[in-house]
1. Out of the residues in segment 181-207 that are outside any helix (DSSP H, G or I) and among the polar types (S, T, N, Q), which is farthest from Gly54 (Cα to Cα)?
2. Looking at Gln85, Gln97, which is the one that is over 18 Å from the mean Cα position of the chain (by Cα), of a type in the set (S, T, N, Q), surrounded by 18 or more Cβ atoms within 10 Å (Cβ to Cβ) and modelled with pLDDT under 95?
3. Taking Leu43 as the residue in question, decide whether it is modelled with pLDDT of 95 or more and over 16 Å from Leu191 (Cα atoms).
4. On the given criteria, is Ser193 of a type in the set (Ser, Thr, Tyr), in contact with a strand residue (DSSP E or B) (Cβ under 9 Å, 6 or more places away or on another chain), in contact (Cβ under 8 Å) with a residue 12 or more places away in the chain and closer than 23 Å to Thr247 by Cβ?
5. Under 19 Å from Val56 (Cα atoms) and either part of a helix (DSSP H, G or I) or in the same structural domain as Gly242 (by TED's automatic domain parsing) (or both): does that describe Thr178?
6. Read through the list (1) closer than 21 Å to Pro18 by Cα; (2) in a loop (DSSP other than H, G, I, E, B); (3) of a type outside the set (A, V, I, L, M, F, W, C), then give the number of the only condition that Arg234 fails.
7. Restricting to segment 1-39, and then to whatever is exposed (fewer than 14 other Cβ atoms within 10 Å of the Cβ) and of a type outside the set (Gly, Ala, Ser), can you tell me which residue is farthest from Val255 (Cα to Cα)?
Amino acid sequence: MTTTLVFLHGRGQEFKDPEKLRRNWLAGLGAGLVRAGLPAGSLDAVPSVLPFYGNVLFGITADLARDPLELESMPDARDEPAPLQPYLPEDVGRLEQRLLHDMTRSLAPLAQTEPSDADLEGLGAIAEAGRMVLSWDVTRQGLLALARYTRFDQEVISAHLRDVAVYLTRGRDEVLATVRAGIPAGGSLVLVSHSLGTVVACDLLSDPETRDRTRLWVTAGSPLGLEAVQHNLRPRGPRPVGVDWLTTYDPKDVVALGHPLRSWGVVRNVRVDNGDSPHAIDRYLSHPVTAGAIAAAATQSGQGS
């Protein structure tokens with residue numbers, strides 16, 4: 001029975017060429033196969049798809065937004081980048097803040113260097129605020145500290161918070177419908193997911209038919225270790241997913257804070273070093289353990305529906 005590789009991309013892919021993205025994923029995977037001691041063409045006979053939802057998510061966010069000109073008249077407007085988009089609905093903003101709180105709370109065990117006094121002040125403010133809806137100043141302070149500490153740009157972190165929150169609060173059904181339409185109806189699956197795509201994949205696996213067809217689920221640079229994400233899944237996590245699951249993370253990847261995953265049941269956690277691009281999908285796929293596991297699952301015979 002045919003096995004299909006299903007690539008589920010992350011946020012920020014709007015207006016890109018889905019076919020070019022698919023080829024880029026395959027190129028990263030090919031490099032990983034070579035590092036694993038396997039032929040670069042080991043997966044040439046395995047079909048692959050990349051269900052593209054980037055434009056759908058972008059459109060949902062744009063439809064939710066009020067007129068950005070409102071920002072010019074806000075009395076507390078600042079020159080610094082803001083962690084929240086005040087023109088989005090309140091429920092999106094609340095989830096953004098909770099995600100930020102979880103990210104800062106998860107930072108300490110993964111940190112490779114000691115935080116500065118300014119970092120400690122910002123991280124402490126978030127920790128003291130707990131699960132409450134945070135004030136604008138406290139939220140800004142936490143974002144600044146997180147950006148300094150992880151060396152990720154504030155705008156990148158803010159965009160990640162926004163898109164995860166939009167998906168979980170307003171965009172799930174439309175995104176999932178788009179993704180399901182791009183997955184073959186028959187045969188077994190190997191789900192390879194990145195960033196926000198890992199959250200989409202987790203929702204997909206709540207469907208017994210999809211779950212039963214899935215030989216392996218790979219998550220790379222995933223936010224599934226954050227409580228705010230887990231509490232907004234369908235059904236809520238963490239929980240045993242019911243499939244063979246490998247998750248790979250770089251400790252410097254701000255999106256993967258919360259790793260290793262310890263409360264989801266049986267999960268194989270693979271720590272990697274992606275160098276100067278800790279969140280890049282091609283770096284994750286080029287790791288030999290990741291590529292080797294995908295090849296083994298995609299080329300095995302005699303099982304699957």
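The values are calculated or read from the model by the stated rules, or taken from the named source; none is laboratory data. Everything quoted here is computed from the prediction, not taken from an experiment. Ideal geometry is used to build each Cβ from the backbone, glycine not excepted, and the neighbour counts take in all protein chains shown.
1. It comes out as Ser188.
2. After applying the criteria, what remains is Gln85.
3. no
4. Yes: the conditions hold for Ser193.
5. So Thr178 fits the description; yes.
6. (1)
7. Met1
Matching residues to (1) without any contact (Cβ under 8 Å) to a residue 40 or more places away in the chain; (2) of a type in the set (S, T, N, Q); (3) out of contact with any Phe, Trp or Tyr (no Cβ under 7 Å at 6 or more places or on another chain); (4) over 23 Å from Gly32 (Cα atoms):
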{"site": "Leu224", "(1), (2), (3), (4)": "no, no, yes, yes"}
{"site": "Asp250", "(1), (2), (3), (4)": "yes, no, yes, no"}
{"site": "Ser263", "(1), (2), (3), (4)": "yes, yes, yes, yes"}
{"site": "Arg271", "(1), (2), (3), (4)": "yes, no, no, no"}
